[in-house]
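The values are calculated or read from the model by the stated rules, or taken from the named source; none is laboratory data. Please read these numbers as outputs of a predicted model, since none were measured by experiment. Cβ sites come from the backbone with ideal geometry, for glycine too, and all protein chains shown count toward neighbours. Protein only, heavy atoms only, side chains kept; ligands, DNA and RNA dropped before computing areas. Shrake-Rupley method; radii C 1.70, N 1.55, O 1.52, S 1.80 Å.
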Amino acid sequence: MQLSPSAGHPYQALAAAVIAKIQAGELKPDDKLPPVRELAATASVTIATAQRAIALLGEQGYVTTIPGRGSFVCERPETSDDESPLQEQLQQIRVELADLQSRFAALERDRRNS
């Protein structure tokens, strides 16, 4: 998984990529996220970065973590009153851009390896 530099710090980009999967329906409520080590390896980040991304997802209400069991997708959080529709659309565009960049990078790697 290639992370978008436009999404901010690597932990923010990883969190945005997970949010994109949630919003696309690839991850549904009560689905378990991959273990931190696997998530870190898939995204080519450190374990600490993956842990920080999961913590951010928890703060935003996208996942809940149960010690010893893992992290699970929650119902999509309601938008707060101070969050305008334009901000929500901008976040969605950033998430989709990160996903497209990840897919493009994977295609480029595959093409070079062929």
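To keep it simple, each residue is scored yes or no on (1) modelled with pLDDT under 90; (2) under 25 Å from PHE104 (Cα atoms).
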position	(1), (2)
LYS21	no, yes
LYS32	no, no
SER44	no, yes
GLN60	yes, no
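How many of the residues in the stretch 35-70 are assigned to a loop (DSSP other than H, G, I, E, B), open to solvent by 60 Å² or more (accessible area, probe 1.4 Å) and within 19 Å of ALA24 (Cβ to Cβ)? Break it down into steps so the answer makes sense when it comes.
Going through the stretch 35-70, the residues assigned to a loop (DSSP other than H, G, I, E, B) turn out to be 35, 44-46, 60-62, 67-69.
Filter once more, so that each one left must be open to solvent by 60 Å² or more (accessible area, probe 1.4 Å): 35, 44, 46, 60, 67-69.
Add one more test, that the residue is within 19 Å of ALA24 (Cβ to Cβ), and what stays is 60.
Within the stretch 35-70, residues that are assigned to a loop (DSSP other than H, G, I, E, B), open to solvent by 60 Å² or more (accessible area, probe 1.4 Å) and within 19 Å of ALA24 (Cβ to Cβ) number 1.
What is the one condition in (1) modelled with pLDDT under 90; (2) open to solvent by 30 Å² or more (accessible area, probe 1.4 Å); (3) not aliphatic (A, V, I, L, M) that SER102 does not satisfy?
In the conditions (1) modelled with pLDDT under 90; (2) open to solvent by 30 Å² or more (accessible area, probe 1.4 Å); (3) not aliphatic (A, V, I, L, M), SER102 misses (2) alone.
Cβ-Cβ distance below 7 Å, separation of 6 or more or different chains: which pairs start in the stretch 92-114 with a residue that is farther than 16 Å from HIS9 by Cα and end on one that is modelled with pLDDT under 75 and open to solvent by 70 Å² or more (accessible area, probe 1.4 Å)?
Here the result reads ALA105/GLN2; ALA106/GLN2, each pair linking the stretch 92-114 to a residue that is modelled with pLDDT under 75 and open to solvent by 70 Å² or more (accessible area, probe 1.4 Å).
Against the conditions (1) over 21 Å from GLN101 (Cα atoms); (2) crowded, with 21+ Cβ neighbours inside 10 Å, where does LYS28 fall short? Just the number, please.
(2)
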